[in-house]
Amino acid sequence: MSAARGSLLGIEHLEAAEILKILKFARRMNPDKPRPLLKGKRVVLLFYEASTRTRSSFEIAAKALGAHTVLIQASGSSIEKGESLLDTGYTVRALGADVIVIRHPNAGAPHVMAQYVDVPVINAGDGLHEHPSQALLDAYTILRNKKTFKGLQVAIIGDIFHSRVARSACHLLSKFGVKVILCGPPELVPEIAATLAPGVRVTRHIEDALRGTNVVMLLRVQKERLSGMKINLPDYIAHYQMTAARVKAAKKDAIVMHPGPIIRGLELTGEVADGAQARILDEVRNGVPVRMAILARAVGRMR
Amino acid sequence: MKTGSTNSLLIKGGHLIDPAAKIDGPMDILIEGGRVVEVAPPKKIKGADENFDARGLIVAPGFIDLHVHLREPGQSYKETIATGTAAAAAGGFTSVCTMPNTDPIVDSVEWVQWLRSPERSAVVNVLPIAAATRGSKGGNLTDFRSLQRAGAVAVTDDGKPILEDDIMRAALVLGAEVNFPVVQHAEDTRLTENCSMHAGARAFRLGLRGMPAAAEANIVERDVHLAMQIPNSRLHVAHISTADALKEVRRGKRAKTRVTCEVTPHHFALTDDDVRDYDSRYKMNPPLRSASDLEAILVALADGTVDAIATDHAPHASHEKEMEFERASFGITGLETALGLAIAKLSKEKHIPLGRIVELFTAGPARCFDLRGRGSLGRGYYGDVTIFDPKKRWTFEAVKSLSKSKNTPFDGWQLTGKVVATIVGGRVVYGH
């Protein structure tokens, strides 16, 4: 079985035209002006992993469209009792779910769900793999600031290896010809990362990454995913922390983005987080209309 | 299983390929009392109770699989000796070497005897491989001598490696004393924690942690080094999958050390690039490797570095596979697709001679474990014969598999070369 229509499993296999359609539709969405596109529909938020912004953002988006939302978290549910992913999926479907939004610590869990459960599945982050709604809201944020993708250069700095945000961003930006520079130490940014998509390259030097860059995307060092890998934090900070001085190495009108949660004093200084070029809270804000578009698309109402 | 038939069986009109006896031509074979009594040019042998018409077919010594998981004792929901050996017979295997990582672990004489008991209803020869260390915990060695006397053909901790240097050295030393091969599952598990496929571009793209090729090569390098220092030791590398590990085996062979190795059909038929859509039918350990590893495997299969094709038949229930890729069990079934893949991929595509392929299923594996009376059809050898049509194209359908489990990536594949009959001890156990 292939995934139900309206599913959003990742950016890699999404066409550029479809991405633009979602972004365009998102511009018409406003959480303060509810539209009943999902009136009477049930959106099940299946969260196997902790989340603040993605979960609440999907919830607010679903409610703004008139849907009922049900939140199922791994702890305190049958999942804790050993129910399998697919059995949970079948159960949720039997309860009448119209859309399943899933966050899972294992790469590909949404794909497996979509393969067997005949309900549109939206990937809200799967392991190290993809985080498509984040990439779409980041694209939305970039376009609000830069008007077009044409000629843009984006530097993604930090823990690329463990980042589903980075993988989705690379796929998305590459589809629009954006030059993507991945920057960090070899443990976090392996050379093989450059094979993700055309126009993606790897550098170890932050100056190299920032020169001529229009968008600086920072990532958190994900201590919970290091799996025994040892990272020397003082060393990381010395080489890769985004400081006000380093921001100056990028283009004058460069914007600074971060999917959050941010750790002040680690991947960036407080000064940068609160600085004029930061768009970190805009990203959070933009998440809602973009997820409204994703949900509308899931039920075939993105018209 | 029953010992050889008392009736005599004449296999006539076929083309015999018996690499150990250097025969590649038309020959008739007479089996009596479970043993080969005569091999002669067509129409020279007369008078048997039964005849098998092998015209247009290849007749070969019974195939030997050095690496299968039949899941008994303890995991009969995945496979039983009865269903696993039925699948083996359908794949042309007359002898299968069973891995000890069952529940409990086969680390005692009692369990070796249990595996060989007629009550298991095996239709082909079951040759148990016993655990190398007690409970396969990697600590204390098992009693190689008693296990061997009970009928075990080798020792291994398969499923995991013998990691500690001194334990591996001790295993090779004891193995040398009793002339017992030590089979190594070469994986430096310190480098493969939480990994579910080969480390490469595909793993990075899928967001899956990757097992580096070095995790295999490092262990093989260490083991070959140890084997070279220990006179008469016998090292067998299970399911070898990387170019670097093959280099180490070559080094050992050049130094006249008794190091042997096996390759699985999936490692010469697929690469890590075939892992798509988180389909766990492509998940096994060792994982599907890179295209350059596959190239090295093809060279090694042709040049003699590889001694045997072994399936690593690893059945699992659907609920252990249809789940998150990272959580799904490692392993695929392989008994019924091995010959069809070998002829399609090695003979047709890579022009490796059919005689060499037969050797990899017969004389090669027999040599690895010193299986006396097997791997050839000389007079006095066991009457184990595999008869196949090397040109027959057919489509493998997993639902029709005789194995209890259907976890195979080759479902729906068009294969070349089909088993027509499998004969064990002069008795037809598969085919007409």
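Within segment A:186-198, one or more residues are surrounded by fewer than 17 Cβ atoms within 10 Å (Cβ to Cβ), assigned to a helix (DSSP H, G or I) and within 14 Å of chain B (Cβ to nearest Cβ). Determine which single condition A:Pro34 fails, assuming it passes every other condition in (1) within 18 Å of A:Ile100 (Cβ to Cβ); (2) over 18 Å from the mean Cα position of the chain (by Cα). The failed condition is (1). Here segment A:140-166 is the region considered, the condition is being of a type in the set (D, E, K, R), in contact (Cβ under 8 Å) with a residue 12 or more places away in the chain and more than 14 Å from chain B (Cβ to nearest Cβ), and the residue that is farthest from A:Gly287 (Cα to Cα) is A:Lys150.
Let's see how each residue does on (1) over 24 Å from B:Thr83 (Cβ atoms); (2) assigned by TED's automatic domain parsing to the domain that holds B:Ala176; (3) at pLDDT 95 or above:
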{"residue": "B:His351", "(1), (2), (3)": "yes, yes, yes"}
{"residue": "B:Arg356", "(1), (2), (3)": "yes, yes, yes"}
{"residue": "B:Glu359", "(1), (2), (3)": "yes, yes, yes"}
{"residue": "B:Leu377", "(1), (2), (3)": "yes, no, yes"}
{"residue": "B:Arg393", "(1), (2), (3)": "yes, no, yes"}
{"residue": "B:Ala398", "(1), (2), (3)": "no, no, yes"}
{"residue": "B:Leu402", "(1), (2), (3)": "no, no, yes"}
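Note on segment B:300-319: residues that are within 18 Å of A:Thr88 (Cα to Cα) and touching a residue at least 12 places away in the same chain (Cβ under 8 Å) total 1. Scanning segment A:105-117 finds no residues that are in a strand (DSSP E or B) and either in the same structural domain as A:Lys21 (by TED's automatic domain parsing) or in contact with a strand residue (DSSP E or B) (Cβ under 7 Å, 6 or more places away or on another chain) (or both).
Is it true that some residue in segment A:117-127 is surrounded by fewer than 18 Cβ atoms within 10 Å (Cβ to Cβ) and within 13 Å of chain B (Cβ to nearest Cβ)? No: segment A:117-127 contains no residue that is surrounded by fewer than 18 Cβ atoms within 10 Å (Cβ to Cβ) and within 13 Å of chain B (Cβ to nearest Cβ). In segment B:201-217, what residues are in a loop (DSSP other than H, G, I, E, B) and closer than 24 Å to A:Asn123 by Cα? Those that are in a loop (DSSP other than H, G, I, E, B) and closer than 24 Å to A:Asn123 by Cα: B:Gly207, B:Leu208, B:Arg209.
Criterion first (within 30 Å of B:Thr192 (Cα to Cα) and either at pLDDT 90 or above or among the charged types (D, E, K, R) (or both)) does A:Leu226 satisfy it? Judged against the criteria, A:Leu226 is not a match. Figure legend. Inter-residue proximity from segment A:167-178: first residues outside any helix (DSSP H, G or I), second residues buried (at least 24 other Cβ atoms within 10 Å of the Cβ), beta-carbon distance below 7 Å, spacing 6+ or different chains. Indicated pairs: A:Val178/A:Val154.
Which residues, taken from segment A:58-99, are out of contact with any Asp or Glu (no Cβ under 9 Å at 6 or more places or on another chain), part of a loop (DSSP other than H, G, I, E, B) and buried (at least 16 other Cβ atoms within 10 Å of the Cβ)? Of everything in segment A:58-99, those that are out of contact with any Asp or Glu (no Cβ under 9 Å at 6 or more places or on another chain), part of a loop (DSSP other than H, G, I, E, B) and buried (at least 16 other Cβ atoms within 10 Å of the Cβ) turn out to be A:Leu65, A:Ala97, A:Asp98.
Taken over segment B:257-292, the criterion of being without any contact (Cβ under 8 Å) to a residue 40 or more places away in the chain and within 14 Å of chain A (Cβ to nearest Cβ) is satisfied by B:Arg276, B:Asp277, B:Ala291. Only one of the listed residues (B:Ala308, B:Ala338, B:Ala291) is under 18 Å from the mean Cα position of the chain (by Cα) and over 20 Å from B:Pro100 (Cα atoms). That residue is B:Ala338. Highlighted here would be strands (runs of 3 or more DSSP E) found entirely within segment B:15-130 that include at least 3 residues which are of a type in the set (S, T, N, Q), surrounded by fewer than 20 Cβ atoms within 10 Å (Cβ to Cβ) and assigned by TED's automatic domain parsing to the domain that holds B:Ser401, but there are none. When segment A:245-278 is filtered for residues that are at positive phi and touching a helix residue (DSSP H, G or I) at 6+ places or on another chain (Cβ under 7 Å), only A:Gly260 remains.
Restricting to segment B:121-168, name every residue that is among the β-branched types (Val, Ile, Thr) and modelled with pLDDT under 95.
First, pick out the residues of segment B:121-168 that are among the β-branched types (Val, Ile, Thr): B:123-124, B:126, B:129, B:133, B:142, B:153, B:155-156, B:162, B:167.
Correct list: empty.
Within segment B:16-43, the set of residues being modelled with pLDDT of 95 or more and basic (Lys, Arg) comprises B:Lys22, B:Arg35. Can you tell me which residues in segment A:1-50 are within 14 Å of another protein chain (Cβ to nearest Cβ) and either within 24 Å of A:Arg93 (Cβ to Cβ) or modelled with pLDDT under 95 (or both)? A:Met1, A:Ser2, A:Ala3, A:Ser7, A:Leu9, A:Gly10, A:His13, A:Leu46, A:Tyr48, A:Glu49 - these are the residues of segment A:1-50 that are within 14 Å of another protein chain (Cβ to nearest Cβ) and either within 24 Å of A:Arg93 (Cβ to Cβ) or modelled with pLDDT under 95 (or both).
Scanning segment B:29-44 for residues that are more than 14 Å from B:Ile423 (Cβ to Cβ) and charged (D, E, K, R) gives B:Glu38, B:Lys43, B:Lys44.
Residues that are within 14 Å of chain B (Cβ to nearest Cβ) and at positive phi within segment A:199-244 comprise A:Ser227, A:Gly228, listed in sequence order.
Checking each residue in segment B:209-233 for being surrounded by fewer than 23 Cβ atoms within 10 Å (Cβ to Cβ) and of a type in the set (D, E, K, R) picks out B:Arg209, B:Glu221, B:Arg222. Every listed requirement among (1) more than 14 Å from chain B (Cβ to nearest Cβ); (2) of a type in the set (D, E, K, R); (3) in contact with a Phe, Trp or Tyr (Cβ under 9 Å, 6 or more places away or on another chain) is met by A:Arg103 save one, (1). Applying the set (1) touching a helix residue (DSSP H, G or I) at 6+ places or on another chain (Cβ under 8 Å); (2) under 24 Å from B:Ile297 (Cα atoms); (3) part of a helix (DSSP H, G or I) to B:Met168 leaves exactly one unmet item: (2). For segment A:202-244, filtering for residues that are farther than 19 Å from A:Ile192 by Cα, among the basic types (Lys, Arg) and surrounded by fewer than 16 Cβ atoms within 10 Å (Cβ to Cβ) leaves 3. Beta carbons closer than 8 Å, at least 6 apart along the sequence or on distinct chains, pair a first residue in segment A:117-139 that is at positive phi and small (Gly, Ala, Ser) with a second that is in a loop (DSSP other than H, G, I, E, B) and at pLDDT 95 or above for A:Gly125/A:His131; A:Gly127/A:Pro105; A:Gly127/A:Asn106; A:Gly127/A:Ala107; A:Gly127/A:Gly108; A:Gly127/B:Gly207; A:Gly127/B:Leu208; A:Gly127/B:Glu326.
Only one of the numbered conditions (1) more than 8 Å from every other protein chain (Cβ to nearest Cβ); (2) among the polar types (S, T, N, Q); (3) surrounded by fewer than 23 Cβ atoms within 10 Å (Cβ to Cβ) is violated by B:Asn194, and that is (1).
When the test is whether a residue is within 19 Å of B:Arg71 (Cα to Cα) and touching a residue at least 24 places away in the same chain (Cβ under 8 Å), B:Leu141 does not pass it.
The values are calculated or read from the model by the stated rules, or taken from the named source; none is laboratory data. Note that the structure is a prediction, hence the values are computed from the model and not measured. Cβ: placed from backbone, ideal geometry, glycine included. Neighbour counts: every protein chain shown.
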